[in-house]
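Chemist: I am attaching a structure below and will ask some questions about it afterwards.
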Number of protein chains: 2
Amino acid sequence: MGALHLALVHGPVVNKRGDEITTAVTGLNVHDIARAAATYGVSGYHLVTPLEPQQRLVERIMAHWREGHGAAYNPTRKTALDLVRVAPTLEDAVADVTRREGAAPRLVATSARPQPGVKPVTYAGLRRDLAADPRPVLLVFGTGWGLTAAALAKVDALLPPLKGPGDYNHLPVRAAVAVVLDRLRGDGETASGP
Amino acid sequence: MGALHLALVHGPVVNKRGDEITTAVTGLNVHDIARAAATYGVSGYHLVTPLEPQQRLVERIMAHWREGHGAAYNPTRKTALDLVRVAPTLEDAVADVTRREGAAPRLVATSARPQPGVKPVTYAGLRRDLAADPRPVLLVFGTGWGLTAAALAKVDALLPPLKGPGDYNHLPVRAAVAVVLDRLRGDGETASGP
(Lines give C-alpha, C1' and ligand atoms only; values in the text may rest on other atoms or scores of the structure.)
Protein backbone atom coordinates (compact mmCIF):
# COMPACT_ATOMS: atom_id res chain seq x y z
CA MET A 1 0.00 0.00 0.00
CA GLY A 2 1.36 3.43 -0.98
CA ALA A 3 1.81 6.09 1.70
CA LEU A 4 -0.71 8.93 1.44
CA HIS A 5 0.37 12.51 2.24
CA LEU A 6 -1.52 15.74 1.90
CA ALA A 7 -0.51 19.34 1.31
CA LEU A 8 -2.62 22.43 2.02
CA VAL A 9 -1.23 25.29 -0.04
CA HIS A 10 -1.65 28.84 1.34
CA GLY A 11 0.56 30.53 -1.24
CA PRO A 12 0.68 31.04 -4.06
CA VAL A 13 -3.02 30.41 -4.68
CA VAL A 14 -5.58 32.45 -6.60
CA ASN A 15 -8.34 34.74 -5.35
CA LYS A 16 -11.85 35.23 -6.77
CA ARG A 17 -10.43 37.34 -9.64
CA GLY A 18 -7.60 34.92 -10.46
CA ASP A 19 -4.82 37.06 -8.93
CA GLU A 20 -2.03 35.24 -7.11
CA ILE A 21 -2.27 35.67 -3.34
CA THR A 22 -1.12 34.08 -0.09
CA THR A 23 -3.85 33.25 2.42
CA ALA A 24 -3.43 33.21 6.19
CA VAL A 25 -2.90 29.90 7.96
CA THR A 26 -5.83 29.29 10.30
CA GLY A 27 -5.32 27.28 13.46
CA LEU A 28 -8.66 25.65 12.74
CA ASN A 29 -7.44 24.15 9.47
CA VAL A 30 -4.31 22.89 11.23
CA HIS A 31 -6.38 21.07 13.85
CA ASP A 32 -9.36 19.88 11.81
CA ILE A 33 -7.31 18.56 8.91
CA ALA A 34 -4.74 16.94 11.23
CA ARG A 35 -7.58 15.03 12.94
CA ALA A 36 -8.99 13.92 9.56
CA ALA A 37 -5.47 12.93 8.45
CA ALA A 38 -4.98 10.80 11.59
CA THR A 39 -8.41 9.18 11.15
CA TYR A 40 -7.72 8.18 7.54
CA GLY A 41 -4.15 6.92 7.93
CA VAL A 42 -2.36 9.84 6.27
CA SER A 43 1.43 9.77 6.77
CA GLY A 44 2.06 13.53 6.68
CA TYR A 45 0.05 16.77 6.51
CA HIS A 46 2.16 19.51 4.90
CA LEU A 47 1.18 23.14 5.39
CA VAL A 48 2.67 25.20 2.58
CA THR A 49 3.23 28.91 3.17
CA PRO A 50 6.06 31.13 1.91
CA LEU A 51 5.60 33.53 4.84
CA GLU A 52 8.05 32.98 7.70
CA PRO A 53 5.85 34.44 10.47
CA GLN A 54 3.11 32.02 9.37
CA GLN A 55 5.55 29.11 9.42
CA ARG A 56 6.47 30.05 12.99
CA LEU A 57 2.78 30.29 13.93
CA VAL A 58 2.21 26.67 12.87
CA GLU A 59 5.33 25.60 14.78
CA ARG A 60 4.01 27.30 17.93
CA ILE A 61 0.63 25.55 17.62
CA MET A 62 2.41 22.22 17.15
CA ALA A 63 4.75 22.80 20.11
CA HIS A 64 1.83 23.57 22.43
CA TRP A 65 -0.02 20.35 21.64
CA ARG A 66 3.01 18.13 21.13
CA GLU A 67 5.24 19.16 24.00
CA GLY A 68 3.45 21.74 26.12
CA HIS A 69 0.45 21.61 28.43
CA GLY A 70 -1.74 20.43 25.54
CA ALA A 71 0.09 17.10 25.11
CA ALA A 72 -0.96 15.93 28.56
CA TYR A 73 -4.40 17.55 28.42
CA ASN A 74 -5.40 16.06 25.08
CA PRO A 75 -3.20 13.19 23.82
CA THR A 76 -5.39 12.53 20.75
CA ARG A 77 -4.58 16.07 19.58
CA LYS A 78 -0.88 15.24 19.91
CA THR A 79 -1.29 12.13 17.72
CA ALA A 80 -2.93 14.25 15.04
CA LEU A 81 -0.47 17.15 15.23
CA ASP A 82 2.50 14.78 15.01
CA LEU A 83 1.55 14.50 11.32
CA VAL A 84 1.97 18.24 10.66
CA ARG A 85 4.95 19.56 8.66
CA VAL A 86 5.62 23.09 7.44
CA ALA A 87 7.08 23.82 4.01
CA PRO A 88 7.80 27.16 2.30
CA THR A 89 6.85 25.82 -1.16
CA LEU A 90 5.04 22.85 -2.67
CA GLU A 91 8.41 21.71 -4.08
CA ASP A 92 9.80 21.59 -0.52
CA ALA A 93 6.84 19.49 0.58
CA VAL A 94 7.46 17.10 -2.34
CA ALA A 95 11.14 16.86 -1.37
CA ASP A 96 10.17 16.10 2.25
CA VAL A 97 7.79 13.30 1.16
CA THR A 98 10.46 11.90 -1.19
CA ARG A 99 13.01 11.83 1.63
CA ARG A 100 10.63 10.20 4.12
CA GLU A 101 9.16 7.62 1.75
CA GLY A 102 12.24 6.88 -0.34
CA ALA A 103 10.39 7.60 -3.60
CA ALA A 104 8.97 10.69 -5.31
CA PRO A 105 5.21 11.00 -4.78
CA ARG A 106 2.57 11.13 -7.47
CA LEU A 107 0.90 14.55 -7.13
CA VAL A 108 -2.90 14.56 -7.25
CA ALA A 109 -5.17 17.61 -7.01
CA THR A 110 -8.90 18.22 -7.40
CA SER A 111 -10.08 20.65 -10.02
CA ALA A 112 -13.33 21.61 -11.70
CA ARG A 113 -11.41 22.60 -14.85
CA PRO A 114 -9.55 20.03 -16.97
CA GLN A 115 -5.84 20.83 -17.32
CA PRO A 116 -4.09 20.32 -20.67
CA GLY A 117 -1.69 17.40 -20.33
CA VAL A 118 -2.91 16.31 -16.88
CA LYS A 119 -4.62 12.95 -16.66
CA PRO A 120 -8.00 12.80 -14.91
CA VAL A 121 -8.38 10.08 -12.25
CA THR A 122 -11.52 8.89 -10.47
CA TYR A 123 -11.76 8.48 -6.68
CA ALA A 124 -12.29 4.77 -7.25
CA GLY A 125 -9.24 4.56 -9.49
CA LEU A 126 -6.99 6.40 -7.04
CA ARG A 127 -8.31 4.26 -4.18
CA ARG A 128 -7.32 1.13 -6.11
CA ASP A 129 -3.91 2.62 -6.94
CA LEU A 130 -3.28 3.45 -3.28
CA ALA A 131 -4.13 -0.11 -2.27
CA ALA A 132 -2.07 -1.79 -5.02
CA ASP A 133 0.84 0.54 -5.84
CA PRO A 134 3.72 1.18 -3.39
CA ARG A 135 4.40 4.65 -4.85
CA PRO A 136 3.48 7.43 -2.40
CA VAL A 137 0.72 9.90 -3.28
CA LEU A 138 0.64 13.58 -2.28
CA LEU A 139 -2.88 15.05 -2.41
CA VAL A 140 -2.62 18.80 -3.02
CA PHE A 141 -5.38 21.19 -1.88
CA GLY A 142 -5.44 24.95 -2.39
CA THR A 143 -6.95 27.53 -0.05
CA GLY A 144 -8.63 30.72 -1.35
CA TRP A 145 -10.06 30.08 -4.83
CA GLY A 146 -7.63 27.23 -5.44
CA LEU A 147 -4.23 26.34 -6.86
CA THR A 148 -2.54 28.46 -9.52
CA ALA A 149 -2.45 27.27 -13.13
CA ALA A 150 1.33 26.79 -12.68
CA ALA A 151 0.76 24.43 -9.73
CA LEU A 152 -2.03 22.53 -11.50
CA ALA A 153 0.22 22.05 -14.53
CA LYS A 154 2.73 20.23 -12.29
CA VAL A 155 0.37 17.60 -10.88
CA ASP A 156 0.25 14.07 -12.26
CA ALA A 157 -3.49 13.55 -12.03
CA LEU A 158 -6.71 15.46 -11.32
CA LEU A 159 -9.67 14.22 -9.26
CA PRO A 160 -13.11 15.58 -10.16
CA PRO A 161 -14.66 18.11 -7.78
CA LEU A 162 -16.88 16.77 -4.99
CA LYS A 163 -20.53 16.94 -5.89
CA GLY A 164 -23.86 16.43 -4.20
CA PRO A 165 -27.19 16.11 -5.96
CA GLY A 166 -27.42 19.82 -6.90
CA ASP A 167 -25.31 22.69 -8.22
CA TYR A 168 -24.28 24.30 -4.92
CA ASN A 169 -20.66 23.42 -4.32
CA HIS A 170 -19.02 25.49 -1.58
CA LEU A 171 -17.63 23.05 0.96
CA PRO A 172 -15.07 24.52 3.37
CA VAL A 173 -11.64 23.11 2.47
CA ARG A 174 -11.43 21.32 5.85
CA ALA A 175 -14.72 19.49 5.01
CA ALA A 176 -13.58 18.75 1.45
CA VAL A 177 -10.34 17.19 2.71
CA ALA A 178 -12.27 14.89 5.09
CA VAL A 179 -14.66 13.81 2.33
CA VAL A 180 -11.85 13.12 -0.16
CA LEU A 181 -9.97 11.08 2.47
CA ASP A 182 -13.13 9.10 3.26
CA ARG A 183 -13.58 8.31 -0.45
CA LEU A 184 -9.95 7.19 -0.73
CA ARG A 185 -9.37 5.53 2.63
CA GLY A 186 -12.74 5.17 4.39
CA ASP A 187 -13.79 1.72 5.57
CA GLY A 188 -15.62 1.28 2.28
CA GLU A 189 -19.09 1.06 3.76
CA THR A 190 -20.39 3.24 0.92
CA ALA A 191 -23.23 3.52 -1.56
CA SER A 192 -22.31 0.37 -3.41
CA GLY A 193 -21.32 -1.55 -0.28
CA PRO A 194 -23.34 -4.18 1.65
CA MET B 1 -36.98 10.77 -2.79
CA GLY B 2 -37.34 11.50 0.92
CA ALA B 3 -36.30 14.90 2.26
CA LEU B 4 -33.13 14.81 4.35
CA HIS B 5 -32.79 17.06 7.42
CA LEU B 6 -30.09 17.22 10.03
CA ALA B 7 -29.98 18.23 13.67
CA LEU B 8 -26.90 19.22 15.67
CA VAL B 9 -27.70 18.80 19.34
CA HIS B 10 -25.88 21.07 21.83
CA GLY B 11 -27.91 20.04 24.85
CA PRO B 12 -28.49 17.77 26.51
CA VAL B 13 -25.40 15.82 25.40
CA VAL B 14 -22.79 13.97 27.45
CA ASN B 15 -19.26 14.98 28.39
CA LYS B 16 -16.18 12.75 28.67
CA ARG B 17 -17.41 11.36 32.01
CA GLY B 18 -20.97 10.74 30.79
CA ASP B 19 -22.52 13.71 32.66
CA GLU B 20 -25.29 15.61 30.90
CA ILE B 21 -24.12 19.00 29.68
CA THR B 22 -24.99 21.73 27.18
CA THR B 23 -22.20 22.80 24.82
CA ALA B 24 -21.81 26.27 23.33
CA VAL B 25 -22.99 26.89 19.79
CA THR B 26 -19.97 27.83 17.66
CA GLY B 27 -20.41 30.11 14.66
CA LEU B 28 -18.02 27.86 12.81
CA ASN B 29 -20.34 24.86 13.08
CA VAL B 30 -23.25 26.99 11.93
CA HIS B 31 -21.37 28.05 8.78
CA ASP B 32 -19.43 24.89 7.91
CA ILE B 33 -22.36 22.53 8.39
CA ALA B 34 -24.76 24.87 6.54
CA ARG B 35 -22.39 24.82 3.55
CA ALA B 36 -22.16 21.01 3.65
CA ALA B 37 -25.96 20.82 3.97
CA ALA B 38 -26.43 23.05 0.90
CA THR B 39 -23.88 21.01 -1.07
CA TYR B 40 -25.61 17.71 -0.33
CA GLY B 41 -29.22 18.78 -0.84
CA VAL B 42 -30.28 18.85 2.81
CA SER B 43 -33.70 20.50 3.34
CA GLY B 44 -33.08 21.87 6.85
CA TYR B 45 -30.23 22.16 9.38
CA HIS B 46 -31.65 22.33 12.91
CA LEU B 47 -29.46 23.67 15.70
CA VAL B 48 -30.77 22.34 19.02
CA THR B 49 -29.98 24.28 22.18
CA PRO B 50 -32.14 24.80 25.26
CA LEU B 51 -30.33 28.07 26.09
CA GLU B 52 -32.17 31.20 24.94
CA PRO B 53 -29.08 33.43 24.62
CA GLN B 54 -27.55 30.78 22.36
CA GLN B 55 -30.72 30.61 20.26
CA ARG B 56 -30.54 34.39 19.84
CA LEU B 57 -26.84 34.14 18.86
CA VAL B 58 -27.70 31.79 15.99
CA GLU B 59 -30.52 34.11 14.91
CA ARG B 60 -28.09 37.07 14.85
CA ILE B 61 -25.60 35.13 12.68
CA MET B 62 -28.41 34.15 10.32
CA ALA B 63 -29.74 37.71 10.09
CA HIS B 64 -26.32 39.09 9.20
CA TRP B 65 -25.81 36.71 6.28
CA ARG B 66 -29.43 36.48 5.16
CA GLU B 67 -30.55 40.10 5.38
CA GLY B 68 -27.65 42.31 6.38
CA HIS B 69 -24.41 43.31 4.73
CA GLY B 70 -23.38 39.65 4.37
CA ALA B 71 -26.24 38.75 2.01
CA ALA B 72 -24.92 41.07 -0.69
CA TYR B 73 -21.25 40.38 0.08
CA ASN B 74 -21.51 36.60 -0.07
CA PRO B 75 -24.72 35.24 -1.62
CA THR B 76 -23.57 31.60 -1.42
CA ARG B 77 -23.41 32.02 2.38
CA LYS B 78 -27.01 33.22 2.29
CA THR B 79 -28.10 30.11 0.34
CA ALA B 80 -26.48 27.92 2.98
CA LEU B 81 -27.79 29.84 6.00
CA ASP B 82 -31.33 29.83 4.62
CA LEU B 83 -31.32 26.16 5.69
CA VAL B 84 -30.63 26.93 9.36
CA ARG B 85 -33.39 26.58 11.99
CA VAL B 86 -33.13 26.89 15.77
CA ALA B 87 -34.98 24.55 18.13
CA PRO B 88 -34.93 24.40 21.95
CA THR B 89 -35.23 20.59 21.99
CA LEU B 90 -34.85 17.67 19.60
CA GLU B 91 -38.62 17.12 19.88
CA ASP B 92 -39.18 20.68 18.62
CA ALA B 93 -36.89 20.00 15.65
CA VAL B 94 -38.85 16.81 14.89
CA ALA B 95 -42.13 18.79 15.07
CA ASP B 96 -40.70 21.41 12.68
CA VAL B 97 -39.64 18.75 10.15
CA THR B 98 -43.05 17.05 10.45
CA ARG B 99 -44.83 20.34 9.77
CA ARG B 100 -42.63 21.23 6.79
CA GLU B 101 -42.59 17.80 5.17
CA GLY B 102 -46.12 16.69 6.03
CA ALA B 103 -44.86 13.46 7.62
CA ALA B 104 -42.93 12.53 10.74
CA PRO B 105 -39.25 11.90 10.00
CA ARG B 106 -37.35 8.70 10.65
CA LEU B 107 -34.65 9.61 13.20
CA VAL B 108 -31.16 8.28 12.44
CA ALA B 109 -28.04 8.78 14.58
CA THR B 110 -24.48 7.46 14.47
CA SER B 111 -23.16 5.56 17.46
CA ALA B 112 -20.22 3.37 18.30
CA ARG B 113 -22.32 1.51 20.89
CA PRO B 114 -25.33 -0.63 19.88
CA GLN B 115 -28.56 0.52 21.54
CA PRO B 116 -31.04 -2.07 22.83
CA GLY B 117 -34.14 -1.95 20.64
CA VAL B 118 -32.63 0.34 17.98
CA LYS B 119 -32.10 -1.15 14.53
CA PRO B 120 -28.65 -0.73 12.94
CA VAL B 121 -28.63 0.59 9.37
CA THR B 122 -25.72 0.77 6.91
CA TYR B 123 -24.82 3.92 4.93
CA ALA B 124 -25.64 2.01 1.75
CA GLY B 125 -29.01 0.93 3.15
CA LEU B 126 -29.95 4.44 4.25
CA ARG B 127 -28.81 5.84 0.90
CA ARG B 128 -31.15 3.40 -0.86
CA ASP B 129 -34.00 4.24 1.53
CA LEU B 130 -33.54 7.98 0.88
CA ALA B 131 -33.70 7.40 -2.88
CA ALA B 132 -36.71 5.07 -2.79
CA ASP B 133 -38.82 6.04 0.23
CA PRO B 134 -40.74 9.35 0.42
CA ARG B 135 -40.56 9.44 4.24
CA PRO B 136 -38.29 12.25 5.49
CA VAL B 137 -35.13 11.40 7.46
CA LEU B 138 -33.67 13.50 10.29
CA LEU B 139 -29.99 12.75 10.90
CA VAL B 140 -29.13 13.54 14.53
CA PHE B 141 -25.58 14.47 15.58
CA GLY B 142 -24.45 15.26 19.11
CA THR B 143 -21.72 17.72 20.12
CA GLY B 144 -19.41 17.09 23.09
CA TRP B 145 -19.05 13.33 23.66
CA GLY B 146 -22.35 12.63 21.91
CA LEU B 147 -26.06 12.14 22.43
CA THR B 148 -27.50 11.04 25.77
CA ALA B 149 -28.75 7.47 26.21
CA ALA B 150 -32.28 8.92 26.41
CA ALA B 151 -31.89 10.58 23.00
CA LEU B 152 -30.30 7.47 21.44
CA ALA B 153 -33.18 5.35 22.76
CA LYS B 154 -35.61 7.51 20.76
CA VAL B 155 -33.98 7.14 17.34
CA ASP B 156 -35.30 4.71 14.74
CA ALA B 157 -31.95 3.54 13.39
CA LEU B 158 -28.22 3.77 14.10
CA LEU B 159 -25.46 4.23 11.53
CA PRO B 160 -22.03 2.77 12.36
CA PRO B 161 -19.28 5.23 13.30
CA LEU B 162 -17.07 6.55 10.49
CA LYS B 163 -13.83 4.64 10.24
CA GLY B 164 -10.56 4.92 8.37
CA PRO B 165 -7.97 2.16 8.11
CA GLY B 166 -6.75 2.49 11.73
CA ASP B 167 -8.06 2.96 15.26
CA TYR B 168 -7.78 6.75 15.53
CA ASN B 169 -11.29 8.15 15.29
CA HIS B 170 -11.55 11.78 16.34
CA LEU B 171 -13.08 13.68 13.44
CA PRO B 172 -14.47 17.12 14.29
CA VAL B 173 -18.29 16.95 14.17
CA ARG B 174 -18.31 19.42 11.22
CA ALA B 175 -16.07 17.02 9.25
CA ALA B 176 -18.10 13.97 10.30
CA VAL B 177 -21.33 15.60 9.09
CA ALA B 178 -19.79 16.33 5.66
CA VAL B 179 -18.51 12.75 5.31
CA VAL B 180 -21.86 11.22 6.34
CA LEU B 181 -23.69 13.47 3.84
CA ASP B 182 -21.24 12.48 1.10
CA ARG B 183 -21.86 8.78 1.84
CA LEU B 184 -25.64 9.32 1.73
CA ARG B 185 -25.99 11.94 -1.00
CA GLY B 186 -22.62 12.31 -2.78
CA ASP B 187 -22.50 11.83 -6.55
CA GLY B 188 -21.66 8.19 -5.96
CA GLU B 189 -18.19 8.32 -7.49
CA THR B 190 -16.92 6.12 -4.66
CA ALA B 191 -14.77 3.08 -3.95
CA SER B 192 -16.99 0.70 -5.83
CA GLY B 193 -17.80 3.13 -8.63
CA PRO B 194 -16.34 3.30 -12.15
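The values are calculated or read from the model by the stated rules, or taken from the named source; none is laboratory data. Since this is a predicted model, take the numbers as computed values, not measurements. Please note: Cβ atoms are built from the backbone with ideal geometry, for glycine as well, and neighbour counts cover all protein chains shown. We work out accessible area using only protein heavy atoms, side chains counted, and drop any ligands, DNA or RNA first. Shrake-Rupley method; radii C 1.70, N 1.55, O 1.52, S 1.80 Å.
Chemist: Tell me, which residue of the range A:36-60 that is away from chain B (no Cβ under 14 Å) and polar (S, T, N, Q) is least open to solvent (accessible area, probe 1.4 Å)?
Modeler: Among those residues, the one meeting the criterion is A:Thr49.
Chemist: Another one. Residues in the range A:146-171 that are within 18 Å of A:Thr39 (Cβ to Cβ) and surrounded by fewer than 21 Cβ atoms within 10 Å (Cβ to Cβ): how many?
Modeler: So the count comes out to 0.
Chemist: State the number of residues belonging to the range A:122-145 that are surrounded by fewer than 17 Cβ atoms within 10 Å (Cβ to Cβ) and not small (Gly, Ala, Ser).
Modeler: 6
Chemist: Out of B:Leu158, B:Leu138, report the one residue that is under 19 Å from B:Ala3 (Cβ atoms) and touching a helix residue (DSSP H, G or I) at 6+ places or on another chain (Cβ under 8 Å).
Modeler: Result of the check over B:Leu158, B:Leu138: B:Leu138.
Chemist: Looking at A:Val86, is it aliphatic (A, V, I, L, M), closer than 26 Å to A:Leu57 by Cβ, part of a strand (DSSP E or B) and away from chain B (no Cβ under 14 Å)?
Modeler: In short, yes.
Chemist: For the range A:1-15, name all the residues that are in a loop (DSSP other than H, G, I, E, B) and touching a helix residue (DSSP H, G or I) at 6+ places or on another chain (Cβ under 8 Å).
Modeler: A:Met1, A:Gly2, A:Ala3, A:His10, A:Pro12 - these are the residues of the range A:1-15 that are in a loop (DSSP other than H, G, I, E, B) and touching a helix residue (DSSP H, G or I) at 6+ places or on another chain (Cβ under 8 Å).
Chemist: Would you mention how many residues in the range B:21-31 are farther than 12 Å from B:Val9 by Cβ and open to solvent by 10 Å² or more (accessible area, probe 1.4 Å)?
Modeler: So the answer is 5.
Chemist: If you don't mind, another one. Suppose we filter B:Thr76, B:Thr22, B:Thr49 for residues that are hydroxyl-bearing (Ser, Thr, Tyr) and more than 19 Å from the chain's Cα centre (by Cα); which single one remains?
Modeler: Going through B:Thr76, B:Thr22, B:Thr49 in turn, just one is hydroxyl-bearing (Ser, Thr, Tyr) and more than 19 Å from the chain's Cα centre (by Cα): B:Thr76.
A quick yes/no check of all residues on (1) surrounded by fewer than 19 Cβ atoms within 10 Å (Cβ to Cβ); (2) within 13 Å of another protein chain (Cβ to nearest Cβ); (3) not aromatic (Phe, Trp, Tyr):
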| residue | (1), (2), (3) |
| --- | --- |
| B:Ala3 | no, yes, yes |
| B:Val13 | no, no, yes |
| B:Lys16 | yes, yes, yes |
| B:Arg77 | no, yes, yes |
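Chemist: Say whether the condition of being in contact (Cβ under 8 Å) with a residue 60 or more places away in the chain and in contact with an Asp or Glu (Cβ under 7 Å, 6 or more places away or on another chain) is met by at least one residue in the range B:162-179.
Modeler: yes
Conditions tested, residue by residue: (1) in contact with a helix residue (DSSP H, G or I) (Cβ under 7 Å, 6 or more places away or on another chain); (2) at pLDDT 95 or above.
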position: B:Val86; (1), (2): yes, yes
position: B:Ala95; (1), (2): no, yes
position: B:Ala103; (1), (2): no, yes
position: B:Val108; (1), (2): yes, yes
position: B:Pro116; (1), (2): no, no
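Chemist: Is it true that B:Val30 is within 14 Å of the chain's Cα centre (by Cα), of a type in the set (Val, Ile, Thr), at negative phi and in a helix (DSSP H, G or I)?
Modeler: So B:Val30 fits the description; yes.
Chemist: State all residues of the range B:23-42 that are touching a helix residue (DSSP H, G or I) at 6+ places or on another chain (Cβ under 8 Å) and not hydrophobic (A, V, I, L, M, F, W, C); if no residue qualifies, say none.
Modeler: B:Gly27, B:Asn29, B:His31, B:Asp32, B:Arg35, B:Thr39, B:Tyr40, B:Gly41 - these are the residues of the range B:23-42 that are touching a helix residue (DSSP H, G or I) at 6+ places or on another chain (Cβ under 8 Å) and not hydrophobic (A, V, I, L, M, F, W, C).
Chemist: Would it be correct to say that B:Ala93 is more than 13 Å from B:Ala3 (Cα to Cα), crowded, with 16+ Cβ neighbours inside 10 Å and within 10 Å of chain A (Cβ to nearest Cβ)?
Modeler: no
Chemist: Within the range B:110-121, does at least one residue satisfy the condition of being in contact (Cβ under 8 Å) with a residue 60 or more places away in the chain and either open to solvent by 10 Å² or more (accessible area, probe 1.4 Å) or under 21 Å from B:Ile33 (Cβ atoms) (or both)?
Modeler: The answer is yes, given that some residue of the range B:110-121 is in contact (Cβ under 8 Å) with a residue 60 or more places away in the chain and either open to solvent by 10 Å² or more (accessible area, probe 1.4 Å) or under 21 Å from B:Ile33 (Cβ atoms) (or both).
Chemist: Looking at (1) crowded, with 16+ Cβ neighbours inside 10 Å; (2) in a helix (DSSP H, G or I), find the lone condition where A:Ala63 falls short.
Modeler: Only one criterion in (1) crowded, with 16+ Cβ neighbours inside 10 Å; (2) in a helix (DSSP H, G or I) is unmet by A:Ala63, namely (1).
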